[in-house]
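Notes follow the structure.
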Amino acid sequence: IGRRFTLELNALPPRRNGAMLVGASNQRWGKLTLPFDLSSIGMPGCKLHSSGEIQIGFTSSAAGKHQLAVTLPRTATLLGSSFHDQAFVITPGANPAGVVATNAGNGRVGY
């Protein structure tokens, strides 16, 4: 808490817009049970793994990377809490939806 950490995405399609979802759950997001198969919206082989209480837009670099630096507030109740993240990147032609999903990430707030 009170310190900065970095979430780093690698192996993204270069110079593409995307969104990072950061959430409190990898089990449910509203009425959805996670992981949720995204085939029905044109993303075969992709699953939603994280709730998305926070959504952050980004553009990947020419090298297919993106870093998101976050400073957590000095709030003791955050200690030991978990967060989950996943990114989605606009990639025309990759599938019918033109969007690909990254693997999921998980973290725990510690000392």
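The values are calculated or read from the model by the stated rules, or taken from the named source; none is laboratory data. Here the structure is a predicted model, which means the values were calculated and not measured. All Cβ positions, glycine included, derive from the backbone under ideal geometry; neighbour counts span all protein chains shown. The accessibility values were calculated without ligands, DNA or RNA, using every heavy atom of the protein model including side chains. Shrake-Rupley method; radii C 1.70, N 1.55, O 1.52, S 1.80 Å.
Quick notes on this structure:
- Simple spin-label estimate for A94 and I56 in nanometres, 7 Å along Cα-Cβ: 1.9 nm
- FRET efficiency, R74 to N106 (Cβ-Cβ, R0 25 Å, nearest 0.05): 0.65
- Here is the tail figure for the chain: Cα pairs spaced more than 24 Å apart come to 27 percent of all pairs.
- Selection among P92, P35, N106 by position relative to the dipole of the chain gives N106 as farthest towards the positive end (Cβ unit charges, Cα centre).
- Accessible area per residue in Å² at 1.4 Å probe, computed on the chain: 61 Å²
- Within the accessible area of the stretch 1-57 (1.4 Å probe), percent carbon and sulfur: 52 percent
- Modelled FRET efficiency - R0 22 Å, N10 with K47, Cβ distances, 0.05 increments: 0.70
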